[in-house]
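The values are calculated or read from the model by the stated rules, or taken from the named source; none is laboratory data. The structure presented is a predicted model; accordingly, all values stated were derived computationally and were not measured. Neighbour counts are summed over all protein chains in view; Cβ atoms, including those assigned to glycine, are modelled from backbone coordinates with ideal geometry. Accessible surface is based on the protein model in full, side chains and every heavy atom, while ligands, DNA and RNA are left aside. Shrake-Rupley method; radii C 1.70, N 1.55, O 1.52, S 1.80 Å.
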Amino acid sequence: MTDKRPVPASREQLWGILFEAAEIEHNLMCCYLYAMFSLKDHVSEGVTEAELAAIRRWRGEILDVAIEEMAHLAIVSNILSALGAPAHFGRQNFPIAPGYHPAGVVVRLAPFNAQTLDHFIYLERPENIEMPDGEGFEPAHRYVRAMAPDRLMQATIDYATVGQLYASIEDGISGLAATLGEDALFVGDPGHQISPNIVSLPNLTVVRCVKTACEAIDAIVRQGEGSAAGEERSHYQRFLNIRDEYQALQAARPDFVPGRPAANNPVMRRPPLPEGKLWVNLEPAASLMDIGNAIYNHSVRCLALSYAGVDAAAQRGLVDAGIELMRIVTPIAERLTMLPANADAPGCSAGLSFATLRSMAALPPEPGAIPVLVERLRDIADRTTLVGGTDTDITPLATTTAASLNRLADRLARVTIADRLATSAPVPVIPPPTVDRTPPEPIAAGDGAELIPGQSVDLVFEAKRCIHARHCVLSQPDVFKANVVGPWIDPDATTTEGLVTVAHMCPSGAIQYRRHDGGPEEGPPPVNLVQVRENGPVGVRADILLDGKPIGYRATLCRCGASMNKPFCDGSHHDIEFQATGEPATREFQPLAVRNGPLAISPEIDGPLVVSGNLELCAGTGRTFDKVTSARLCRCGGSASKPYCDGTHRRIGFKS
């Protein structure tokens, strides 16, 4: 690195550096997922119950980071689109060749182990942190990629951290806006971008100007690469926390191994330069790897088309399909890490290589694109069925995968892209299947809850806990049909991922789900949280025990004292015009040794909520203002020390 930060001097150079940023985010997402797929998932794999609980926490943390990398890719694509460039989903196959990124940015697929974890920490380190890379990840060659600001072709730049890369991008946007004018720089149609109305991803925003572009970049840097070392939920800090727990478990049992021996950089064909790669040629791994890569590439193809200028309804259908395909590929990717890869590498298992097609360019945004996407889904499903029929060891997985692909094909066939040319001759399309869209009749599930059956997911709705946050009817209006007579919830009107996402967004826990497609059920969060809402209730996310009874992982509890459904909120705070800040002052606190685990909540008769367990209290803006292992939270509405009880309930005669 030179002392002076390189800055792109033209739109073309700025595009080029943003293309590299998109590839960095895409590559990191794949690397994190690969390590996550290799984690053990059963005590039969040589780990104890306590160790397995830790491994599952790590899996959740790594998945969250990978999802945030996907959000970063979407944000970079939005910036590119705003600047008049196409969204960029192409990337080189692993391992990335020297020279493609700076010498210190080594990108390759590796299983979860101490060295890989150190490498992730190194890649995500803040700019002011000096540390060595993970052992074995040191660059094979040292080189400099010099910026050539006077060249017409896209220039490369050097950067020590990804945060520095984004700093150069931010400087380039600001500089070009000053030179060209903001309106001349931001020429892209905002409708081509993916907005939070289409998909719920962290910090996703539509970019329209220098201010929104810089805010989007700052969000990426704060959340992961280059974020301050003290930010507890940064990628850097999350990986540090995993390493601390990993080292503690290894100190207790030196032969503790949390990951399977998956290959470094598995490849689908014999590599002409075999160094650092492993050819997966044993069956059924080779065929399963082919299917997994096909599903991954089709996911990217759906996402690319969503940026190509289709209408919002088509965007939503394409993005949902892309996310659903990544869910479908997960069991395949995990199973690959249990299968032998090559007879010449005994003891080494396979893995999903995320191999790419020659082109990741978007299909033309025309009506005929959807039938092409559906056709490919059917092809992959047919091949999956064929492979499952030849190998009984993977038959159940193949059967489930093929069924999921065909269900997704049925849903995607109902997506339409308007013909922008409005020609008189209609483009032939595959007619959607005839489906009865009448929502199914709910089934009583006890304690006032109703179960609404679906093909792959059953929804459970508990009306008495609903606070009408409206995440459900706004993000999935085809599923949650407001203001209709009779049954109003239709689980089969969207993807499995869409249902799971909207359930997780429900703060009250009124919406829960039961999967019967082999996918993971909702699990406890990695950090127990209470969020204080301005003039409203407290939202709880934890493994909640209410009076000793498990009630799930989400709840909103009354703190105004007026609810007729105590201890749950029923919206009465609106009626009584309850006033209470959502931004309490930060207290002095110490880090918790453990941040999750069961959270016991016992509503005291005519008194506060008595809480016991590891708990972090957050303001409405997300700021942590206290960390405790026990607390008494006000629910009479009168405490002068909200959200804590100060005994006012006795003085005002609060009754519960």
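Key figures
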{"item": "Wholly enclosed strands (runs of 3 or more DSSP E) of the stretch 450-555 bearing at least 1 residues farther than 26 Å from Arg316 by Cβ, among the hydroxyl-bearing types (Ser, Thr, Tyr) and without any contact (Cβ under 8 Å) to a residue 60 or more places away in the chain", "result": "none"}
{"item": "Hits in the stretch 601-648 (condition: over 23 Å from Glu61 (Cα atoms) and assigned to a strand (DSSP E or B))", "result": "Ile601, Ser602, Pro603, Leu609, Val610, Val611, Ser612, Ser630, Ala631, Arg632, Leu633, Tyr644"}
{"item": "Breaking point among (1) under 24 Å from the mean Cα position of the chain (by Cα); (2) under 26 Å from Val479 (Cβ atoms); (3) assigned to a loop (DSSP other than H, G, I, E, B), for Pro367", "result": "(1)"}
{"item": "Any chance Arg243 is modelled with pLDDT of 95 or more and either more than 25 Å from Tyr34 (Cβ to Cβ) or open to solvent by less than 60 Å² (accessible area, probe 1.4 Å) (or both)", "result": "no"}
{"item": "Qualifying position, being touching a residue at least 60 places away in the same chain (Cβ under 8 Å) and among the aromatic types (Phe, Trp, Tyr), among Phe578, Phe568", "result": "Phe568"}
{"item": "Pro507 modelled with pLDDT of 80 or more and either open to solvent by 20 Å² or more (accessible area, probe 1.4 Å) or in contact with an Asp or Glu (Cβ under 6 Å, 6 or more places away or on another chain) (or both)", "result": "no"}
{"item": "Residue match in the stretch 530-548 (condition: polar (S, T, N, Q), under 26 Å from the mean Cα position of the chain (by Cα) and open to solvent by 50 Å² or more (accessible area, probe 1.4 Å))", "result": "yes"}
{"item": "Cross-chain or 6+ apart pairs with Cβ under 8 Å, the stretch 192-211 first and without any contact (Cβ under 8 Å) to a residue 12 or more places away in the chain and open to solvent by 50 Å² or more (accessible area, probe 1.4 Å), then of a type in the set (S, T, N, Q) and part of a loop (DSSP other than H, G, I, E, B)", "result": "Pro196/Thr205"}
{"item": "Members of the stretch 318-338 found to be crowded, with 21+ Cβ neighbours inside 10 Å and either outside any helix (DSSP H, G or I) or without any contact (Cβ under 8 Å) to a residue 24 or more places away in the chain (or both), listed by number", "result": "Gly322, Thr337"}
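Residue by residue, here is whether (1) surrounded by 14 or more Cβ atoms within 10 Å (Cβ to Cβ); (2) within 15 Å of Ile328 (Cα to Cα); (3) modelled with pLDDT of 95 or more; (4) not aromatic (Phe, Trp, Tyr) holds:
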{"position": "Leu352", "(1), (2), (3), (4)": "yes, yes, yes, yes"}
{"position": "Met360", "(1), (2), (3), (4)": "yes, no, no, yes"}
{"position": "Pro365", "(1), (2), (3), (4)": "yes, no, no, yes"}
{"position": "Val372", "(1), (2), (3), (4)": "yes, no, yes, yes"}
{"position": "Ile380", "(1), (2), (3), (4)": "yes, yes, yes, yes"}
{"position": "Val387", "(1), (2), (3), (4)": "yes, no, no, yes"}
{"position": "Ser404", "(1), (2), (3), (4)": "yes, yes, no, yes"}
{"position": "Arg411", "(1), (2), (3), (4)": "yes, yes, no, yes"}
{"position": "Ala418", "(1), (2), (3), (4)": "no, no, no, yes"}
